[in-house]
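Chemist: Handing you a structure now.
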Amino acid sequence: MPDFLKEYYNVLLIAPIVSFIAAQLLKYLIYAVQYKVFRKERLTGAGGMPSSHSSGVCALAVVALRSEGFQSPLFALAMIVALIVMYDATGVRRAAGLHARELNRLRRRANSPGGGKQGDSEEKINGRNAKELKEFLGHSPLEVLCGALLGILIGMAFDV
């Protein structure tokens with residue numbers, strides 16, 4: 001690494017960002033292979049395989065552990081944040097996504113005789129345009145685990 005860049009090298013910032021971006025790219029590719037369609041929303045959207053949030057916070061925890069040690073307050077903070085993020089992804093955010101899926105299904109059923117089709121459709125509700133609710137919000141435990149493993153691997157790859 002050039003000397004002038006060493007002043008700006010912060011592994012606690014760079015590793016989680018790289019890990020988050022890697023997970024988002026993987027999520028986009030996995031979705032494209034699984035559904036045989038490229039959706040730009042998968043590059044920036046929440047939910048799906050692997051969890052980019054889990055990946056980022058686990059990369060942060062790993063580089064904090066490696067640079068500061070197990071007893072450091074920084075590692076403790078990073079670990080607690082990682083656990084909260086992963087718990088939230090499989091709990092509240094996942095439930096909100098499942099609720100959105102059911103509400104979209106019910107709205108499609110109520111608004112068309114054939115039950116409608118899934119997509120980014122807009123319809124008029126009380127005279128206003130209404131988009132479908134986002135269903136990709138949370139993660140299954142497997143998606144969180146895969147994101148966490150990706151973050152750990154990426155965190156281990158960085159020099160601390």
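The values are calculated or read from the model by the stated rules, or taken from the named source; none is laboratory data. If you're wondering where the values come from, they're calculated on a predicted model, not measured in any experiment. Neighbour counts run over all protein chains shown; Cβ positions are idealised from the backbone, glycine included.
Chemist: State all residues of segment 94-124 that are at pLDDT below 75, basic (K, R) and more than 30 Å from I84 (Cα to Cα); if no residue qualifies, say none.
Modeler: K117, K124
Chemist: Considering only residues of segment 1-16 that are among the hydrophobic types (A, V, I, L, M, F, W, C) and exposed (fewer than 13 other Cβ atoms within 10 Å of the Cβ), which is nearest to the chain's Cα centre (by Cα)?
Modeler: L13
Residues are listed down the side, and each one gets a yes or a no for (1) modelled with pLDDT under 85; (2) farther than 23 Å from A78 by Cα; (3) touching a Leu at 6+ places or on another chain (Cβ under 6 Å):
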position: Y8; (1), (2), (3): yes, no, no
position: L13; (1), (2), (3): no, no, no
position: I17; (1), (2), (3): no, no, no
position: L29; (1), (2), (3): no, yes, no
position: V33; (1), (2), (3): no, yes, no
position: K36; (1), (2), (3): no, yes, no
position: T44; (1), (2), (3): yes, yes, no
position: G47; (1), (2), (3): yes, no, yes
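Per-residue answers, yes or no, for (1) out of contact with any Phe, Trp or Tyr (no Cβ under 8 Å at 6 or more places or on another chain); (2) in contact (Cβ under 8 Å) with a residue 60 or more places away in the chain; (3) of a type in the set (K, R); (4) farther than 18 Å from A23 by Cβ:
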| residue | (1), (2), (3), (4) |
| --- | --- |
| G45 | no, yes, no, no |
| S51 | yes, yes, no, no |
| S67 | yes, yes, no, yes |
| A76 | yes, no, no, yes |
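Chemist: Could you check Q24 against (1) of a type outside the set (D, E); (2) free of Cβ contacts under 8 Å to residues at least 24 places away in the same chain; (3) surrounded by 12 or more Cβ atoms within 10 Å (Cβ to Cβ) and say which number it fails?
Modeler: That leaves (2) as the condition not met.
Chemist: Considering K40, K6, which residue is touching a helix residue (DSSP H, G or I) at 6+ places or on another chain (Cβ under 9 Å) and either without any contact (Cβ under 8 Å) to a residue 60 or more places away in the chain or aromatic (F, W, Y) (or both)?
Modeler: Of K40, K6, the one residue that is touching a helix residue (DSSP H, G or I) at 6+ places or on another chain (Cβ under 9 Å) and either without any contact (Cβ under 8 Å) to a residue 60 or more places away in the chain or aromatic (F, W, Y) (or both) is K40.
Chemist: What number of residues in segment 44-77 are surrounded by fewer than 23 Cβ atoms within 10 Å (Cβ to Cβ) and over 15 Å from the mean Cα position of the chain (by Cα)?
Modeler: 13
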